[in-house]
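**Student:** Dumping the structure here so I can ask a few things about it.
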Amino acid sequence: MTEAAPTPGATTSTGSTTGLRVLQRVILPVDHSPDVLPLYVDGRHASPPPAKESSSSDGARTSGDDEEDSFKVSVAWDDALADSALWSHQDPDDPAARRGVSVRSGRRLSFGTYFNAFPASYWRRWTTVEEVLLRVRVSGDATVTVYRSTAKGLNQPIKILRTDGEPRTLEFRLPLKPFIDGGWYWFDLSAGESEARLEEADWCAATDRPQSGRVSIGITTFNRPDFCVDLLRSLGAASEVLEVVDEVFLVDQGSQRVENHPDFAEASKGIADRLRVIDQGNLGGSGGFSRAMDETVRADSSDYVLLLDDDIAIEPEGILRAVAFADLARTRTVVGGHMFSMYDRSVLHAYGETVARYRWFWGKAPHTRNSHNFGYYSLRHTPWLHRRVDVDYNGWWMCLIPTSVVRELGFALPMFIKWDDAEYCLRARTAGSPTVSMPGVAVWHVPWHDKDDAVDWQAYFHRRNRIVTALLHSPYKRGGRMVLESFEAQIRHLLCMQYSTAEMGLLAIEDLLAGPERMHPEMVRKMGQLRELRQGFADAQISGDLESFPPVRRRKPPRKEKEHSSPGSKIIALVMAALGFARQALPVGKLARHHPQVAVPHQDLHWSLLALFDSAVVSTADGAGAAWHQRDPKRFRTQLRRSLALHLRLLRRWPRLGKEYRTAMADLTSSEQWRQTFGVTRQP
């Protein structure tokens, strides 16, 4: 991002715009897909019909029990937008094609949306900017109304200007002082008796740093060449973004090489002079992203390294916004992007994430909701979105880190996957570098709920890395409640007949008890061990064909034809757990050894249900297969004893173990140690 040039026809009363920095440009989606349009423009003006809301077990927001209300909102939005806007022809080679839109006579279009409203409270809290200049270039019979919101979500118009005829730039100087707790700015464009057109608009600020910082991009991939090719194509088409990019490091750790994809040459053409593909053995996300950090630090030309996951689609404009925010931040700041669903593209998975210190578990930040659907509930009509959200970390699907922070803190911990991003941001925060999850900076990512990573091979890394991170950063004696929760998780897996998952949890604790010096060597060998371990467990054998399992049979039908539901209280849950434990004293029924007693869809999976059966066919989260869970009382008792012994040992050793890991941190994250690991896995 370069210095903003003076705008022809500017009406500002303060004279020259020299020294202005463009913070955020108003943009439109490339293809005007109805799935993403609500993130860019809004054709609704009255509040949407009230729709019921509910929370799923993981806190995700849903449209409620009455889906008809949500349908009405969606249809009303589509009709209003189609009635208001006239889209220009999009030339993918013309960057200006995403800047303009016409509004029909007598209609209005709002830019109070996720990608185009200005998140004033974030700039107020974290940067040196005290005032922004909104420049709106319009033509025709146009009225521009500027709005602001409060942290409570109350909206009010604050400035109105009208113009008629030839293109003209309207300017609005807007202070950031009243946004200490939250609030946004945005504008609406209305057409009078004839059509109005937005030519372009942006949000600027006077600054002593008008020139943009430089960034290198690090992409880690494992056997996702199709996704990577699409991502490279998007980056290559964003010519204005590439002006601030030094290099793009594609760390390919898979056997299906991106360079062998038939569309690779064409897709990488736009960034060919900046792209460097690095073949590396599979070191997981922490190994791939650490390699990108290392290459960026070695080159010594970039101010930032931007980490991107491979299974994403990106809004390239977010790169410019993240760099501008980091450039003008009061202190070195990690700038994260939000994550939308790749499959339901108006759904924002999480608006901000924190670590619950006493439980030592990640989750949504206070006062936020997961899985917010902008297709039904716009920014302007959703009060909780107007409160500023402060976070502990941001996922590495999109995360901008100052290279000065990397030089000081080192690279990621050798965790392979899971918790590496959270740990790094916590480490940075301790060193005085906060993380900001920045509205208007985002990617579309394969959603979490389509993955079984809490029970498949990744369960090992979930358990080990959560405990390691707590050893390093928990403020509570012996990790607060975390060790107890780890033991409770073991019990749930055992009651679910997920013996492979329980075994990986045990292995995770045994490995971390062995000390931090094992973490780097295990980056290379652990995946093979986990694959071999899982081969010995029926619940880890996935089949894509339900006919491969014996037919479901029960000795007795369900009582009064009522199927079991999840416990509604802690007391009922304890009773169900006790019944599940008591069942382990009984032998497995003869019929259940040869036939599953029930088929359980993934959405109905719960420990209290599976604890009632001797065997069950359980489908996977992605819907692609299923596994036959079979109760094994002997294995249950053996794993239960080991679980209790290991968790007690972990509690006893916690203070000394924490000291060992904190002492080893500098070496584990050092460039010297990481380069040795890169060398072991480097491909010829």
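FYI, it's all coordinate maths here, none of it is from the lab. In this text, all values refer to a predicted model and were calculated from it rather than measured experimentally. Positions of Cβ are backbone-derived with ideal geometry, glycine not excepted, and every protein chain shown enters the neighbour counts.
**Student:** Considering only DSSP beta bridges with both partners in the chain, what is the antiparallel share in %, to the nearest 5?
**Tutor:** Numbers: 77 of 105 bridges.
Here the share of antiparallel DSSP bridges comes out near 75 percent.
**Student:** Right, something else. Pop out the ³J(HN,Hα) list for segment 234-241 in order, Karplus 6.51 cos²θ - 1.76 cosθ + 1.60 with θ = phi - 60°, rounded to Hz; leave Gly and Pro as x.
**Tutor:** Going residue by residue, I get 5, 5, x, 7, 8, 4, 5, 5 Hz, with x marking Gly and Pro.
**Student:** Across segment 469-635, how many lysine pairs, 8 or more positions apart or on different chains, have C-alpha atoms separated by under 29 Å? Please give the number.
**Tutor:** For segment 469-635, qualifying lysine pairs total 11.
**Student:** I would also like to ask the following. Quick one: order 107, 518, 357 by neighbouring beta-carbon count within 10 Å, fewest to most. Walk me through the intermediate numbers first.
**Tutor:** On the way: 107 20, 518 14, 357 17.
The fewest-first ordering by Cβ neighbours comes to 518, 357, 107.
**Student:** Let me ask something additional. How many angstrom separate the Cα center of segment 120-177 from the Cα center of segment 281-350?
**Tutor:** Centre-to-centre distance over Cα atoms comes out at 29 Å.
**Student:** Skipping prolines and chain starts, which residues have an amide H placed within reach, meaning under 5 Å, of the one on residue 277, given they are 5 or more residues away or on another chain?
**Tutor:** Here the answer is 250, since their amide H atoms fall under 5 Å of that of residue 277.
**Student:** If each residue's Cβ is checked for other Cβ atoms within 10 Å, how do 361, 678 rank with the fewest at the top? Working shown, then result.
**Tutor:** Numbers: 361 14, 678 20.
So the ranking, lowest neighbour count to highest, is 361, 678.
**Student:** Would you please give the FRET efficiency between residue 408 and residue 265, computed as 1/(1 + (r/R0)^6) with r the Cβ-Cβ distance and R0 = 56 Å, to the nearest 0.05? Mind showing how you got there, number by number?
**Tutor:** Working: r = 39 Å, r/R0 = 0.69.
Once the sixth-power term is evaluated, E becomes 0.90.
**Student:** Could you give me the ³J(HN,Hα) list for segment 499-508, computed from phi with Karplus coefficients 6.51, -1.76, 1.60 and θ = phi - 60°, whole Hz, x at Gly and Pro?
**Tutor:** Whole-Hz 3J(HN,Hα) from phi for segment 499-508: 5, 5, 5, 4, 5, 5, x, 5, 4, 4.
**Student:** Before rounding to the nearest 500, sum -39500 (n - 2.57) across all DSSP H runs of length at least 4 in the chain and divide by the residue total; then give [θ] at 222 nm in deg cm²/dmol. Write out the running numbers ahead of the final one.
**Tutor:** Details: 18 runs with 222 residues, N = 684.
Rounded to the nearest 500, the figure is -10000 deg cm²/dmol.
**Student:** Please compute the length gained on full extension between residue 211 and residue 276, using 0.36 nm multiplied by the number of residues separating them and subtracting their Cα-Cα distance.
**Tutor:** 20.8 nm
**Student:** Please work out how much length the chain gains when fully extended from residue 358 to residue 578, using 0.36 nm per residue of separation minus the C-alpha to C-alpha distance, in nm with one decimal. Numbers along the way, then the final one.
**Tutor:** Working: separation 220, 0.36 × 220 = 79.20 nm, distance 2.63 nm.
This chain segment gains 76.6 nm when fully extended.
**Student:** Compute the label zone of residue 591 within segment 525-557: residues whose backbone N is under 18 Å from the point 7 Å along Cα-to-Cβ.
**Tutor:** 550-557
**Student:** Obtain the nm distance between the two label points defined at residue 624 and residue 513 by a simple spin-label model: each point lies 7 Å from its Cα along the Cα-to-C-beta direction.
**Tutor:** Reported label-point gap for residue 624 and residue 513 is 3.5 nm.
**Student:** Multiply the residue gap between residue 634 and residue 430 by 0.36 nm, knock off their C-alpha separation, and tell me the result in nm, one decimal place.
**Tutor:** Between residue 634 and residue 430, full extension yields an extra 68.8 nm.
**Student:** Counting only residues 5 or more places away or on other chains, whose amide H sits under 5 Å from the amide H of residue 23 once H atoms are built in the peptide plane?
**Tutor:** Correct list: 203, 204, 205.
**Student:** Continuing with the same structure: At a Förster radius of 22 Å, what calculated FRET efficiency corresponds to the Cβ-Cβ distance of residue 104 and residue 33, to the nearest 0.05?
**Tutor:** Working: r = 21 Å, r/R0 = 0.94.
Result of the calculation: an efficiency of 0.60.
**Student:** Is the shape of segment 539-676 rounded, prolate or oblate, going by the alpha carbon gyration tensor and its root eigenvalues a ≥ b ≥ c, with a/c under 1.5 for rounded and a/b larger than b/c for prolate? Please report the intermediate quantities before stating the final value.
**Tutor:** Working: a/c = 2.53, a/b = 1.77, b/c = 1.43.
Prolate, since a/c reaches 1.5 and a/b exceeds b/c.
**Student:** What distance in nm separates the two pseudo spin-label positions at residue 159 and residue 641, each 7 Å out from Cα along the beta-carbon direction?
**Tutor:** It works out to 7.5 nm between the two label points.
**Student:** In whole Hz, with x marking every Gly and Pro, tabulate ³J(HN,Hα) for segment 408-420 from phi via Karplus 6.51 cos²θ - 1.76 cosθ + 1.60, θ = phi - 60°.
**Tutor:** Working through the residues one at a time gives 7, 8, x, 9, 5, 5, x, 9, 6, 9, 6, 6, 5 Hz.
**Student:** Search the structure for amide H atoms under 5 Å from the amide H of residue 103, placed 1.01 Å from N in the peptide plane, and list their residues when 5 or more places away or on another chain.
**Tutor:** 86, 196, 197, 198
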